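So the structure is just underneath, and the comments pick up after that.
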Amino acid sequence: MPQVETRQRKFSARLNRALAIGAFLLGWELLSRSGMVSPLFLPPPSAVARTGLQLLLSGNLFDNVWASLCRVLIGFFLAALLAIPLGIIAGMNAVVFNSVDPIIELFRPIPVLALLPLAILWFGIGESSKIFIITYAAFFPIFINTLAGVKYSDPILLQVASTLGASRMQIFYRVVLMSALPSLAVGIRLGLGFAFLALVAAELIASTRGLGYLIMDARLTFQTDVSMVGIVSLGILGYAANAILVRIERWALSWKQDVQGAEIV
């Protein structure tokens, strides 16, 4: 019976999501065709779908999607590679935290657009400047959530592990790191979202490929449907990437659900 109820809840949730998306697309279609808004400014989703299919069949859409996806993934992985170890060290060492925290808080409010001139000056107009912008945007949410997860580990669990004779490495791996995983998972998902947010700004730098370039180039020629294809593609990419991370998170934190279930029983 519990399994049946779980399947029913999952089916109901999926049905609600599908209906919500369908209602949104229908409202968009009706609004665009009602004459209240010019199709030049808001083309209907059917026209956007036709344009997207044409771009896909020509190979143009795939080239731009692939270029943007590579930039996002490289920038995101570089940010995680820097932010996770630094967040762990700062969370466990007060001296490092007090040294790093003011610098992080100084740079964190600076938007990526403000760094575009410096990125061009430092790295030129090639791929390096684009990767830098994306890495910068994704770094802060990953670092802050990693830091919070490590720094605010349950002191009772730390004390119990120490009393039972666990070594420092065992306490780190078994207690600190495991308790920090939920916060770290949230930081990774936020970091990937920020990487996608920074993508369009990054592709303003002398790009000839990418969804940001596709959107901006179509805007100059008033091809609103092409711009909408780029925007929708960004949304689909971000949604798919987040869904993959959610599945990985559930797998990595399956032990937590088992522990909660055991506590309830």
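Coordinate-derived values only; no laboratory data. None of the values given here were measured: they were computed from a predicted structure. Using ideal geometry, Cβ is built from the backbone for each residue, glycine included, and neighbour counts are taken over all protein chains shown.
Dividing the Cα convex hull volume of segment 89-153 by residue count, how many Å³ per residue is that? Please report the intermediate quantities before stating the final value.
Numbers: hull volume 5.7 nm³, N = 65.
Here the figure is 87 Å³ per residue.
Order these peptides, 120-129, 138-147, 19-28, by their mean beta-carbon neighbour count within 10 angstrom, highest first.
The most tightly packed comes first, giving 138-147, 120-129, 19-28.
Could you grab the relative contact order for segment 41-264? Cα pairs under 8 Å, six or more apart, rounded to a whole percent.
28 percent
Compute the label zone of VAL232 within segment 8-38: residues whose backbone N is under 19 Å from the point 7 Å along Cα-to-Cβ.
Answer for this model: 17-35, 37-38.
Using unit Cβ charges (K, R positive; D, E negative) and no other charged atoms, how large, in debye to the nearest 20, is the dipole of the chain about its Cα centre?
Numbers: 19 positive and 13 negative charges, 95 e Å.
The calculated dipole for the chain is roughly 460 debye.
Above 27 angstrom, tally the Cα pairs of segment 16-158 and express them as a % of all pairs, no decimals.
Distances greater than 27 Å cover 52 percent of the Cα pairs.
What share of Cα pairs, in percent, lie more than 31 angstrom apart in the chain?
Across the chain, Cα pairs with separations above 31 Å total 44 percent.
Could the peptides 70-79, 233-242 be put in order, highest first, of the mean number of other beta-carbon atoms found within 10 Å of their residues?
70-79, 233-242
Place the peptides 177-185, 59-67 in order of packing, highest mean first, counting for every residue the other Cβ atoms within 10 Å and averaging per peptide.
Ranking, from highest mean packing down: 177-185, 59-67.
Taking 1 over the mean of 1/r across every pair of different Cα atoms in segment 1-87, what Kirkwood radius in Å do you get?
Kirkwood radius, segment 1-87: 17.3 Å.
Using Cα centres only, tell me the gap between segment 81-139 and segment 208-250 in whole Å.
24 Å
Measure nothing fancy, just the Cα-based angle from helix 211-220's long axis to the longest principal axis of the chain, in degrees from 0 to 90, nearest 10.
The helix 211-220 is inclined about 30 degrees to the chain.
If I fit a long axis through the Cα atoms of helix 45-58 and take the longest principal axis of the Cα atoms of the chain, what angle between them do I get, 0 to 90°, rounded to 10?
For 45-58 against the chain, the angle is about 90 degrees.
So how tilted is helix 254-264 from the main axis of the chain? Cα-based, degrees 0 to 90, rounded to 10.
60 degrees
In nm, what is the difference between 0.36 nm times the number of residues separating ALA252 and LEU57 and their Cα-Cα distance?
66.4 nm
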